[in-house]
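All of the numbers you see were taken from the coordinates with simple rules; none came from a lab. None of these values were measured; they are calculated from a predicted model. Positions of Cβ are backbone-derived with ideal geometry, glycine not excepted, and every protein chain shown enters the neighbour counts.
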Amino acid sequence: MVVQALGKHYFDHPEFPLHVCRVNRDADITHEHDLTEIEHTHDFVELVFIVKGSGIQVIESQEYSVSTGDVFVLQGNQKHYFKNTSSLEIVNVMFSTKFNEGFISPEIKQLEGYRALFLLESRFRAEHHFKNKLHLDRKRLSSLEYLLNTMIKELDNKRDGYRILLKNKLQELIVLVSRFYSSLDATDAKSLVRISKVLEFLENSYAEKIYLDDLAKITFMSTRNFQRVFRKAVGVSPTKYIMQIRLKEAISLLLHTNLSVTDIAIATGFNDANYFIKCFKSYHKSTPLKFRAESQAEYFIR
């Protein structure tokens, strides 16, 4: 039976969704709601640091050997647990942006390493039995251990201003592991960092005419290989992803501006209003104007 771990069991307050805890069976260190050896999912992100020993991490029924210095990001919808934990010491950093998008600054979310490690790697791992995980040498691990220990102490003591310090330290921690991931030599990791560059380009250039060959050049891959890696990492083809970005922006313009359908089509890269309407109906089972009217009506009813 798969257990669901809920953020409310770990976070002091929904507006401050952060918790850091240590697990070490040898030293009898645990915490309330410890599910280390129980298969579970959760509704938050978990950044896992193996600070001592070795064991087996099972993610979506696939087993991965882990040892001192390994770092994983586990998304909420992934079933996972540890095996052979007798010599293992783990520090889990749990956080969520579900109800507080600004908890992680937008600048951090733009980092190539962040996109690759926090957004792409887990999907790619599940699809491709990804083994090129982030592994820290002793020097890097020691610097992060100091940061993790400081976070645990702040959470334990809860002195004035502890939330400010903890949020800053979480940001620092994420920036550092993102940098470390960007510097990996592993082929698959490099591929994910390059795909993250494409995602950034698409988010900034979705209104322009986009060619797959040009996207492939950003990643230094052939067009065919780029399409294959992109689909494995992102879950959809580049063409479909571009469509999703354009339609997401179109929805924002429909809801928050008075622009005409034609103007929105041009602003989001469709160039032809009829084609925009056709694509919109395909995804949302409604025309843009009907969607706008229904959304406005729902707002006023509230």
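Some notes on this structure:
- Considering the chain at the alpha-carbon level, its Rg and Dmax are found to be 21.7, 66 Å.
- Cα gyration tensor, the stretch 149-302 - rounded (a/c under 1.5), prolate or oblate: oblate
- Count Lys and Arg as plus one, Asp and Glu as minus one, and take only other residues whose Cβ is under 14 Å from that of Arg138; the net charge is then 0.
- Across the stretch 240-301, Cα-Cα pairs more than 16 Å apart make up 37 percent of the total.
- Burial ranking of peptide ranges 82-93, 97-108, 2-13, 143-154 (average Cβ count within 10 Å, highest at the top): 82-93, 143-154, 2-13, 97-108
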